[in-house]
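The block underneath contains the structure these notes are about, expressed in structure tokens.
The values are calculated or read from the model by the stated rules, or taken from the named source; none is laboratory data. Nothing here was measured: the structure is a model prediction, and the numbers come from that model. Cβ atoms come from the backbone with ideal geometry, glycine included; neighbour counts cover every protein chain shown.
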Amino acid sequence: MDSQLREALRLGRIGYLNVLPVYYPLETGKVPHSFEIVSGIPSHLNELMAQGELDLSPVSSIEYARHPERYFILPHLSISSRSKHEGEVQSVLLLSRQPIDSLDGETIWVSTQSHTSVALLKALFALYLEKQVHFKPAACSQAIEGGDHPAAFLAIGNEALQLRQHPLYPYHWDLGKAWFDWTGLPFVFALWVIQRKAVERWNGRLDPAVRGLLSAKEWGLAHLDEICNQAAGEGILGIRKLHDYYDHLGYDLQGEEQRSLELFYSCLHRVGEVDAVPELHLYSPTVSPVREEPAVRPTELRAEW
């Protein structure tokens with residue numbers, strides 16, 4: 001449906017624990033909003049954004065790199081690892097039956113739920129470890145529970161939190177930490193982006209909506225005890241582990257995160273995942289909404305790396 005015929009902006013929501021600090025305040029009325037919230041796995045939200053079915057949404061970081069002409073990046077909001085924990089994120093894991101550096105030539109099963117994590121794994125093997133592996137898309141948890149046991153598989157989100165203690169897979173590679181070990185930067189797994197067409201159509205209604213979304217983030221991070229109590233109801237982690245989990249996640253998009261994005265996009269270009277390295281165009285309510293503001297110059301960042 002055309003957004004001009006709708007009364008509310010459609011906001012995507014990833015169905016994972018990692019977004020609860022942002023969405024719990026909205027869904028419980030702690031922070032007033034006028035969104036229609038649509039839930040789905042990251043790859044599905046990518047598709048809805050690509051089809052124009054959502055106005056703004058978290059998307060896998062690679063979605064912006066593949067289609068920068070469609071979106072503005074919402075500033076001050078992401079799902080990232082944190083430098084204080086050397087990038088460890090706990091919920092994006094390569095689980096292996098053998099040491100990671102001995103996987104050369106093996107076939108790795110990869111989750112179909114996140115395009116960014118798969119692309120990051122490909123870049124890490126090709127450019128960081130300099131090893132050749134093969135990738136097979138699979139619904140990993142269902143297959144493993146059904147008796148299939150590949151040499152290694154990539155698990156993300158709630159699936160990673162549930163399977164990281166699997167007895168057949170004693171070797172873990174946290175992809176956020178691997179990226180930090182390689183680059184010294186936190187990794188940005190997801191961005192909130194706004195349809196460029198939505199900026200034109202919604203005009204003055206968009207700025208208050210964006211401010212409300214950022215207010216929800218601030219409320220959630222200031223009330224993590226309540227967030228953890230809510231998340232515990234999912235039965236995936238206990239309260240203590242949930243506090244530790246959320247402490248490992250970053251929700252900002254500042255200088256470090258922006259530099260990391262540029263480096264990741266450069267890697268994607270090197271391994272053939274994107275045709276060009278895009279600039280980061282941030283949406284800002286303080287300027288004309290259709291003006292493109294590059295956040296950084298990618299040539300400088302690649303030189304730093």
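Quick look at the values:
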| item | result |
| --- | --- |
| Among residues of the range 35-50, those that are closer than 11 Å to residue 11 by Cα, hydroxyl-bearing (Ser, Thr, Tyr) and crowded, with 16+ Cβ neighbours inside 10 Å, counted | 0 |
| Single residue of 191, 242 found to be buried (at least 21 other Cβ atoms within 10 Å of the Cβ), in contact with a strand residue (DSSP E or B) (Cβ under 7 Å, 6 or more places away or on another chain) and modelled with pLDDT of 90 or more | 191 |
| Selected residue (only one of 265, 251 is surrounded by 15 or more Cβ atoms within 10 Å (Cβ to Cβ), under 23 Å from residue 159 (Cα atoms) and modelled with pLDDT of 95 or more) | 251 |
| Unique residue being within 23 Å of residue 181 (Cα to Cα), of a type outside the set (Gly, Ala, Ser), in contact (Cβ under 8 Å) with a residue 24 or more places away in the chain and assigned to a helix (DSSP H, G or I) when the list is 79, 62 | 62 |
| Qualifying positions in the range 6-61 - aromatic (Phe, Trp, Tyr) and under 14 Å from residue 215 (Cβ atoms) | 23, 24, 35 |
| Yes/no for residue 133 being among the aliphatic types (A, V, I, L, M), within 18 Å of residue 178 (Cβ to Cβ) and under 18 Å from the mean Cα position of the chain (by Cα) | no |
| All positions within the range 33-64 that are within 19 Å of residue 7 (Cβ to Cβ), modelled with pLDDT of 90 or more and among the small types (Gly, Ala, Ser) | 57 |
